[in-house]
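Bear in mind these aren't lab numbers, they're just calculated from the coordinates by the rules spelled out. Since the model is a prediction, treat every value here as computed from it, not as a measurement. Don't worry about glycine lacking a Cβ; one is built from the backbone with ideal geometry, like all the others, and counts go over all protein chains shown.
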Amino acid sequence: MKEINFRKIRKAMEKTLDARRYEHTLGVEYTAAALAMRYGESIRNAQLAGLLHDCAKCLTDEKKLSICEKHNIAVSEIEKRNPFLLHAKAGSYLAMKKYHVNDADVINAILNHTTGRPGMSLLEKIIFTADYIEPGRNQAPNLDKIRRMAFEDLDRALVMILEDTLAYLKDTGGEMDPMTEKTYEYYCNKMGNTVS
Ligand code: FE
Ligand code: FE
């Protein structure tokens, strides 16, 4: 595998992201690395996907939309109304074209980091989870429990995260991407409905 210049990518992220989002990105990078150690995933891929997962987060809505339109990336009605949701799609595109990532699993982990999807790869699960539990996060309920669970049973941690995310969206009246619900149902079934 080609040597990845992490320092260069970190510098690029520091430039394109605001300070808060950059701190979050570093948190996701090392949390993903720790989860990779725990579950036997490529540590480098986890770091790379963690570093780049929000690379499109601080672009304007217009820019995110235009990246998708220009490159024939489908934009759903929900995404049109809530363009921040597009940072995953736009980000996975930039990861390929601008940051020259050619590992499909890394690209997918960036693409699916906000909603998850049924049948995620180990790396996708790691990035989805690291995004939620990195040390800079402090708003979500049950964080202590979910953080512990992430290192015990990753699928169970996923279900807890999705459950809290769906509850939060319901509470706040936030619009929900139907994929979040699909992912939740898939992993609930996979757990044999033993979720509390
Ligand atoms: Fe994100
Ligand atoms: Fe994030």
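Annotations for the structure displayed:
- Cα-centre dipole for the chain with unit charges at Cβ (Lys and Arg positive, Asp and Glu negative), debye to 20: 700
- Legend: ranking of residues Ile43, Ile146 from fewest to most surrounding C-beta atoms inside 10 Å; resulting order Ile43, Ile146.
- Lys/Arg +1, Asp/Glu -1 at C-beta; region 63-196 dipole; positive extreme among Ala88, Tyr99, Tyr132: Tyr99
- Taking 25 °C and 0.890 mPa s as conditions, the chain diffuses translationally at an estimated 145 µm²/s according to Stokes-Einstein applied to its Kirkwood radius (Cα pairs).
- Residues Ser42, Ser92 arranged by fewest to most Cβ contacts within 10 Å: Ser42, Ser92
- Proxy reagent accessibility, fewest Cβ within 10 Å first, across Glu77, Glu181: Glu77, Glu181
- Take the Cα of Ala140, go 7 Å toward its beta carbon, and the backbone nitrogen atoms of region 1-44 under 17 Å from that spot belong to 21, 24-36.
- Dividing the summed -39500 (n - 2.57) terms of all DSSP H runs of n ≥ 4 by the residue count of the chain sets its mean residue ellipticity at 222 nm at -20000 deg cm²/dmol.
- Cα-Cα over 20 Å, subset of Lys170/Lys190; Lys57/Lys182; Lys98/Lys182; Lys63/Lys89; Lys89/Lys125: Lys170/Lys190; Lys57/Lys182; Lys98/Lys182
- Mean-position separation - Cα centroids, region 110-153 and region 3-33, in angstrom: 17
- Average Cα contact separation per residue, region 1-93, under 8 Å, 6 or more apart, as relative contact order %: 25
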